[in-house]
1. One residue is enough: does segment 57-68 have a residue meeting the conditions modelled with pLDDT under 90, closer than 25 Å to ALA20 by Cβ and in contact with a helix residue (DSSP H, G or I) (Cβ under 7 Å, 6 or more places away or on another chain)?
2. Quickly run through segment 15-31 and pick out the residues that are loosely packed, with under 14 Cβ neighbours inside 10 Å and at pLDDT below 90.
3. Please go through segment 44-71 and pick out each residue that is more than 11 Å from the chain's Cα centre (by Cα) and surrounded by 20 or more Cβ atoms within 10 Å (Cβ to Cβ).
4. Just checking, does segment 16-32 include any residue being of a type outside the set (Val, Ile, Thr), in contact with a Phe, Trp or Tyr (Cβ under 8 Å, 6 or more places away or on another chain) and part of a strand (DSSP E or B)?
5. What are the pairs, 6+ residues apart or on separate chains, where a residue within segment 36-56 that is under 16 Å from GLU67 (Cβ atoms) has its Cβ under 6 Å from a residue that is of a type in the set (Val, Ile, Thr) and not in a strand (DSSP E or B)?
6. Does segment 57-73 hold any residues that are free of Cβ contacts under 8 Å to residues at least 40 places away in the same chain and part of a loop (DSSP other than H, G, I, E, B), and which are they?
7. Name the residues in segment 31-51 that are under 14 Å from ALA20 (Cβ atoms) and in contact with a strand residue (DSSP E or B) (Cβ under 7 Å, 6 or more places away or on another chain), would you?
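The values are calculated or read from the model by the stated rules, or taken from the named source; none is laboratory data. Just so it is clear, the structure is predicted and the values come from calculations on it, not from any experiment. Every residue, glycine among them, receives a Cβ derived from its backbone with ideal geometry; neighbour counts consider all protein chains shown.
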Amino acid sequence: MRRWMMGGLVSMAAVTGVQAGDRVGYVTAESRYGVATITAPVREGTRGLQVQLPGGTWYDCDRSCSEKLRRETIDFWQNHNGTRGAEVDGPGYFLWRR
């Protein structure tokens, strides 16, 4: 949800007049390890887009709001159980199957 303008990266807030803290929509994430899905609100933060976790905490989206939501909720234990999954579960990484 970024827009290129005059050769530079400009936040959607600058383009649409959205203020930090304003909700700009919702995002849905799907599990890579099952059939679970989750939908959460997205807002414009001071450093870009943020997604709200079920407990109410807002996280910066980094590259993708749906990826951040997926990794911090429905696939959390796949990423934090001490196995190799945490190293290869990010967006755009190759998944090697043995």
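1. Of the residues in segment 57-68, the ones modelled with pLDDT under 90 are 62-63.
Now narrow it down to the ones that are closer than 25 Å to ALA20 by Cβ: 62-63.
Now restrict to residues that are in contact with a helix residue (DSSP H, G or I) (Cβ under 7 Å, 6 or more places away or on another chain): 62.
So far as segment 57-68 goes, yes, one or more of its residues are modelled with pLDDT under 90, closer than 25 Å to ALA20 by Cβ and in contact with a helix residue (DSSP H, G or I) (Cβ under 7 Å, 6 or more places away or on another chain).
2. Within segment 15-31, VAL15, THR16, GLY17, GLN19, ALA20, GLY21, ASP22, ARG23 meet the criteria.
3. Of everything in segment 44-71, just one residue is more than 11 Å from the chain's Cα centre (by Cα) and surrounded by 20 or more Cβ atoms within 10 Å (Cβ to Cβ), namely GLU44.
4. Of the residues in segment 16-32, the ones of a type outside the set (Val, Ile, Thr) are 17, 19-23, 25-26, 29-32.
Next, from what is left, pick out any that are in contact with a Phe, Trp or Tyr (Cβ under 8 Å, 6 or more places away or on another chain): none.
The answer is no, given that none of the residues of segment 16-32 is of a type outside the set (Val, Ile, Thr), in contact with a Phe, Trp or Tyr (Cβ under 8 Å, 6 or more places away or on another chain) and part of a strand (DSSP E or B).
5. ALA36/ILE74; ILE38/THR73; ILE38/ILE74
6. Result: THR57, CYS61, ASP62, ARG63, SER64.
7. If we filter segment 31-51 for residues that are under 14 Å from ALA20 (Cβ atoms), which is where we start, we get 42-50.
Within segment 31-51, VAL42, ARG43, GLU44, GLY45, ARG47, GLY48, LEU49, GLN50 qualify.
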